[in-house]
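Have a look at the structure below before the remarks.
The values are calculated or read from the model by the stated rules, or taken from the named source; none is laboratory data. No experiment lies behind these values; they were computed from the predicted model shown. Here the Cβ positions follow ideal geometry from the backbone for every residue, glycine too, while neighbour counts run over all protein chains shown. Side chains included, ligands, DNA and RNA excluded: accessible areas come from the protein's heavy atoms. Shrake-Rupley method; radii C 1.70, N 1.55, O 1.52, S 1.80 Å.
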Amino acid sequence: MLHRSTHGTAQFDEALTRASERGDADFSKSEPVVRKILEAVRRDGTNAVLRYVAKFEKRVPTTLVRSDYDGKGALGRLPTEARAALEHAAERIQRFHEQERDAMFGEPSGAIGGGFRFNEDGISLGLRVRPLGRVGVYAPGGKARYPSSVLMSAIPARVAGVKDIVLATPLSSDPSSGSDDVVLAAAHLAGVSTVVDAGGAQAIAALAYGISNLARVDKIVGPGNAFVACAKRLVYGAVAIDSIAGPSEILVVADASADPVVVAADLLSQAEHDEDAYCFVVTTSAKLLDQVEIELARQLESLPRKAIAREALCRNGYAFVVADRNAMALLADKVAAEHLSLQVGEAEALLSQIHNAGAAFVGHATPEAAGDYVAGPSHVLPTGGVVRFGSPLGVHDFVARTSFIQYSAEALEHDSHHIQVLARLEGLEAHARAVSVRLAADPEDAMNRAPTTKKTHKRDCR
């Protein structure tokens with residue numbers, strides 16, 4: 001079932017190359033459709049969104065934009081254990097991201113603000129940090145509901161101090177059915193202020209460009225299908241985005257101490273997401289792999305989504321056998337997986353050798369599923385090897401920074417020669433004059449005495 005190879009063979013090198021170069025998304029099929037949708041929403045606003053919801057989602061929302069959604073009521077209508085689980089997850093996620101905020105910005109138990117400032121020789125320098133004004137959170141909908149994605153995306157924004165959080169997700173065509181309660185309850189717990197009842201590229205367009213009763217947002221975060229990912233890529237620049245999410249992925253690093261039942265279960269936990277999910281395992285024990293293969297076949301039989309999981313394993317399941325721990329760490333860095341599960345002895349020591357991972361699950365007792373739901377750090381992670389330079393969604397994604405500079409007259413005089421020399425080295429005389437006119441007793445005289453470049457023809461813009 002897994003594509004299996006051993007270090008030192010050509011097959012191993014080919015498999016590792018395929019695994020490490022998996023992130024090249026192909027939007028050739030979706031992009032023409034998405035561009036048409038974006039342009040229509042930009043031109044026609046609400047009417048275009050409703051038109052595409054009817055076309056692709058086969059329904060007509062009763063209310064497209066809801067600022068008075070009944071999240072509190074939805075939470076109260078949930079079964080007791082579902083409500084308790086959501087509240088537990090929300091509390092954990094908030095606590096983690098408050099710690100993140102305080103460590104990054106030194107703002108215990110308060111909203112982000114300020115920054116830092118220092119004075120040196122008459123120059124005041126600093127950095128101001130402020131929360132974004134409006135953020136859009138996308139959560140997939142339709143047949144499945146993902147309240148965890150709402151919590152994991154919106155709570156870090158709220159902790160950062162974002163005042164207006166907009167959730168875009170397709171709701172049920174029958175509001176009285178109660179099928180939306182779990183998503184609306186999660187929105188309530190996460191601090192969502194407005195719900196947009198739409199999915200797909202049309203929802204991304206509504207967030208990015210604004211429609212009636214909905215102002216455009218500053219940033220869009222959250223996972224989605226290929227059309228959503230393509231739309232996020234195309235609206236970047238009009239708004240910020242977190243990343244382009246690809247298929248879910250996991251790399252299990254296992255030695256002879258690992259339990260094959262657990263290794264197989266963790267691989268399947270990602271394989272059941274969709275047929276394009278990636279499942280990697282690297283081990284020093286060929287015997288363990290034999291047992292994992294047996295367990296995969298056994299556990300698949302009772303899995304509700306076994307067809308999806310089996311297809312993912314057959315399509316994108318890779319098993320690598322290497323010689324030692326150092327080789328496992330090197331391969332983990334090469335693969336740069338979204339989820340890294342370390343099922344080895346002295347797992348923390350091995351983690352110190354690995355640089356590239358979105359979220360690391362350390363030790364035999366730590367399932368990746370804990371990170372998906374209740375551990376605390378956001379489960380919105382870079383995929384496709386982007387963890388080489390990307391990071392999990394967090395408080396830092398919902399702030400903007402402004403650097404500030406303030407000179408005294410004496411400090412400017414001290415730096416003026418260097419500034420003007422560098423400006424003229426680059427042929428930017430106006431830059432140099434912007435310094436000299438501030439220091440001269442007669443600014444007009446300073447303009448006349450400033451070095452000039454070769455004469456050019458005069459232009460009159462009138």
**OP:** Could you tell me whether segment 381-402 includes any residue that is of a type in the set (D, E, K, R), under 13 Å from GLU338 (Cα atoms) and free of Cβ contacts under 8 Å to residues at least 60 places away in the same chain?
**Re:** yes
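Yes or no, residue by residue, for (1) within 30 Å of ASN47 (Cβ to Cβ); (2) aliphatic (A, V, I, L, M):
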residue: ASP218; (1), (2): yes, no
residue: PRO223; (1), (2): yes, no
residue: ALA229; (1), (2): yes, yes
residue: LEU234; (1), (2): yes, yes
residue: ALA240; (1), (2): yes, yes
residue: ILE244; (1), (2): yes, yes
residue: ASP259; (1), (2): no, no
**OP:** Check off (1) closer than 25 Å to LYS58 by Cα; (2) out of contact with any Lys or Arg (no Cβ under 9 Å at 6 or more places or on another chain); (3) of a type outside the set (A, V, I, L, M) for HIS273 and give me the number that stays unchecked.
**Re:** (2)
Subject >> Selected residue [without any contact (Cβ under 8 Å) to a residue 24 or more places away in the chain and under 39 Å from the mean Cα position of the chain (by Cα)] from GLU368, GLU426 >> reply: GLU426
Subject >> Residue in segment 404-430 that is surrounded by the fewest Cβ atoms within 10 Å (Cβ to Cβ), counting only those that are assigned to a helix (DSSP H, G or I) and among the polar types (S, T, N, Q) >> reply: SER416
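Can you confirm whether ALA319 is touching a residue at least 12 places away in the same chain (Cβ under 8 Å), open to solvent by less than 20 Å² (accessible area, probe 1.4 Å), aliphatic (A, V, I, L, M) and part of a helix (DSSP H, G or I)?
In short, no.
From the list ALA238, ALA206, ALA231, pick out the single residue that is more than 27 Å from ALA103 (Cβ to Cβ), open to solvent by 10 Å² or more (accessible area, probe 1.4 Å) and either among the small types (Gly, Ala, Ser) or within 15 Å of the chain's Cα centre (by Cα) (or both). Spell out how you get there, then give the answer.
Details: ALA206 fails: open to solvent by 10 Å² or more (accessible area, probe 1.4 Å); ALA231 fails: open to solvent by 10 Å² or more (accessible area, probe 1.4 Å).
Residue meeting the stated conditions: ALA238.
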Subject >> Selection within segment 333-356 - open to solvent by less than 30 Å² (accessible area, probe 1.4 Å) and either touching a Cys at 6+ places or on another chain (Cβ under 8 Å) or closer than 18 Å to PRO247 by Cα (or both) >> reply: VAL335, ALA336, ALA337, GLU338, HIS339, LEU340, SER341
Original post:
Looking at (1) modelled with pLDDT of 95 or more; (2) outside any loop (DSSP other than H, G, I, E, B), which is the only condition ALA258 fails?
Top reply: (2)
Original post:
Quick one: is LEU303 open to solvent by less than 50 Å² (accessible area, probe 1.4 Å), assigned to a loop (DSSP other than H, G, I, E, B) and over 16 Å from ALA258 (Cβ atoms)?
Top reply: yes
Subject >> Single match in SER20, SER30 (criterion: modelled with pLDDT under 95, more than 23 Å from ILE165 (Cα to Cα), open to solvent by less than 40 Å² (accessible area, probe 1.4 Å) and in contact with a Gly (Cβ under 7 Å, 6 or more places away or on another chain)) >> reply: SER20
Subject >> Residue, farthest from LEU342 (Cα to Cα), within segment 273-290, restricted to residues that are part of a helix (DSSP H, G or I) and touching a residue at least 60 places away in the same chain (Cβ under 8 Å) >> reply: ALA286
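Results for (1) in contact with a Pro (Cβ under 9 Å, 6 or more places away or on another chain); (2) more than 30 Å from ALA336 (Cα to Cα), shown as yes or no for each residue.
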residue	(1), (2)
PHE12	no, no
ARG18	no, no
VAL65	no, yes
LEU86	yes, yes
Subject >> Those residues of segment 372-412 which are among the charged types (D, E, K, R) and either within 23 Å of VAL362 (Cβ to Cβ) or touching a Lys or Arg at 6+ places or on another chain (Cβ under 9 Å) (or both), in sequence order >> reply: ASP372, ARG388, ASP397, ARG401
**OP:** Kindly establish whether GLU293 is in a loop (DSSP other than H, G, I, E, B) and touching a residue at least 40 places away in the same chain (Cβ under 8 Å).
**Re:** no
Original post:
Are any residues in segment 18-38 more than 30 Å from SER5 (Cα to Cα) and in a helix (DSSP H, G or I), and if so, which ones?
Top reply: SER30, GLU31, PRO32, VAL33, VAL34, ARG35, LYS36, ILE37, LEU38
Original post:
Can you find a residue in segment 93-100 that is within 19 Å of ASP397 (Cα to Cα), assigned to a strand (DSSP E or B) and at pLDDT below 95?
Top reply: no
Subject >> segment 166-196, residues that are under 24 Å from GLY45 (Cα atoms) and touching a helix residue (DSSP H, G or I) at 6+ places or on another chain (Cβ under 8 Å) >> reply: VAL166, LEU167, ALA168, THR169, PRO170, LEU171, VAL192, VAL195, VAL196
